[in-house]
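Engineer: Let me give you the structure first, and then I'll get to my questions.
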Amino acid sequence: MSTRADLLPAVELEPARRAERAVIWLHGLGADGHDFPPIVPELGLDPALAIRWVFPHAPAIPVTLNGGMVMPAWYDIRADFARRHDEAGILRSAEQVTRLVARENERGIAGERIVLAGFSQGGAIAAHVALRHPERLAGLACLSTYLVVPDTLATERAQANRSLPIFQAHGSLDPMVLPERGEALRDRLRALGYALEWHDYPMEHQVCLEEIQDLGRWFARVFAA
């Protein structure tokens, strides 16, 4: 049983009636759980789906690439991040997100009705958790992100989520997470046999209306399955 002391603080949006589904959505570096709630009404989802939206706040830690400045981050980013990831930080955040999934289970929502979603650094953690989660999830949404600790994915991925529906989107003009990093994630997942829906948009490191609309349609399909 998870206790509040175990759990990341989060912004939560409750449906009008008892929640039957949940989305746990992770923000990017330097943002917080208030970043994405305004998008929820723009997704155009049927209120009858009774979705609880959980937007956790990452802990504030020093980020090496930003001169050691303390900011909300799911893990540290170093100058050599493309070659060497902060595996301890990634695992710590993965454990914290897994506790949020368990808390939804305790509140009556089975894993097969939970989507993990994330933007940028949050998307990397969402993917890391979802692909390794031992119980079936409803889906994974990866926005403007990339793969962390790629060398362990093939051996650590969970059998239960090998047919996990995945939505991936990236800006073709993204100067922060270069498009080829998103494409590398896409290509690796497809090579491993995942059912992946890919979108790219003429934007930078952000979200756009067309992306939100495409994501809303994907959510509707995933939760109707």
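Engineer: Those residues that are over 11 Å from the mean Cα position of the chain (by Cα), closer than 21 Å to Tyr201 by Cα and of a type in the set (A, V, I, L, M), I need them from the range 119-177; list them, please.
Structural biologist: Within the range 119-177, Leu147, Ala169, Leu173, Met176, Val177 qualify.
Engineer: Name the residues in the range 190-211 that are of a type outside the set (A, V, I, L, M, F, W, C) and under 14 Å from His170 (Cβ atoms), would you?
Structural biologist: Answer for the range 190-211, where residues must be of a type outside the set (A, V, I, L, M, F, W, C) and under 14 Å from His170 (Cβ atoms): Glu197, His199, Asp200, Tyr201, Pro202, Glu204, His205, Gln206, Glu210, Glu211.
Engineer: Here are some residues: Glu135, Glu211, Glu204. Which one is touching a strand residue (DSSP E or B) at 6+ places or on another chain (Cβ under 7 Å) and either in a loop (DSSP other than H, G, I, E, B) or of a type in the set (Phe, Trp, Tyr) (or both)?
Structural biologist: Testing whether each residue is touching a strand residue (DSSP E or B) at 6+ places or on another chain (Cβ under 7 Å) and either in a loop (DSSP other than H, G, I, E, B) or of a type in the set (Phe, Trp, Tyr) (or both) leaves just Glu204.
Engineer: Scan the range 31-52 for residues that are out of contact with any strand residue (DSSP E or B) (no Cβ under 7 Å at 6 or more places or on another chain), in a loop (DSSP other than H, G, I, E, B) and surrounded by fewer than 18 Cβ atoms within 10 Å (Cβ to Cβ) and jot them down.
Structural biologist: Matches in the range 31-52: Gly44, Asp46.
Engineer: When you go through Gly89, Gly118, Gly108 one by one, which is the residue that is part of a helix (DSSP H, G or I) and of a type in the set (Gly, Ala, Ser)?
Structural biologist: Result: Gly89 is the single residue among Gly89, Gly118, Gly108 that is part of a helix (DSSP H, G or I) and of a type in the set (Gly, Ala, Ser).
Engineer: Using beta carbons and a limit of 8 Å, which pairs, at least six apart or on different chains, have the first residue in the range 158-174 and surrounded by fewer than 15 Cβ atoms within 10 Å (Cβ to Cβ) and the second one in a strand (DSSP E or B) and of a type outside the set (A, V, I, L, M)?
Structural biologist: Here the result reads Ser172/Asp200; Ser172/Tyr201, each pair linking the range 158-174 to a residue that is in a strand (DSSP E or B) and of a type outside the set (A, V, I, L, M).
Engineer: Then there is this: I'd like to know if the range 179-196 contains one or more residues that are under 13 Å from the mean Cα position of the chain (by Cα) and either over 19 Å from Phe36 (Cα atoms) or surrounded by 23 or more Cβ atoms within 10 Å (Cβ to Cβ) (or both).
Structural biologist: no
Engineer: Answer yes if at least one residue in the range 159-168 is outside any helix (DSSP H, G or I), charged (D, E, K, R), within 17 Å of Ala126 (Cα to Cα) and modelled with pLDDT of 95 or more, and no otherwise.
Structural biologist: Checking the range 159-168: at least one residue is outside any helix (DSSP H, G or I), charged (D, E, K, R), within 17 Å of Ala126 (Cα to Cα) and modelled with pLDDT of 95 or more.
Engineer: Working only within the range 20-30, note down all residues that are in a loop (DSSP other than H, G, I, E, B) and either touching a residue at least 60 places away in the same chain (Cβ under 8 Å) or crowded, with 22+ Cβ neighbours inside 10 Å (or both).
Structural biologist: Glu20, His27, Gly28, Leu29
The values are calculated or read from the model by the stated rules, or taken from the named source; none is laboratory data. All values reported here derive from a predicted model rather than from experimental measurement. In this analysis, Cβ positions are derived from the backbone assuming ideal geometry, glycine residues included, and neighbour counts consider all displayed protein chains.
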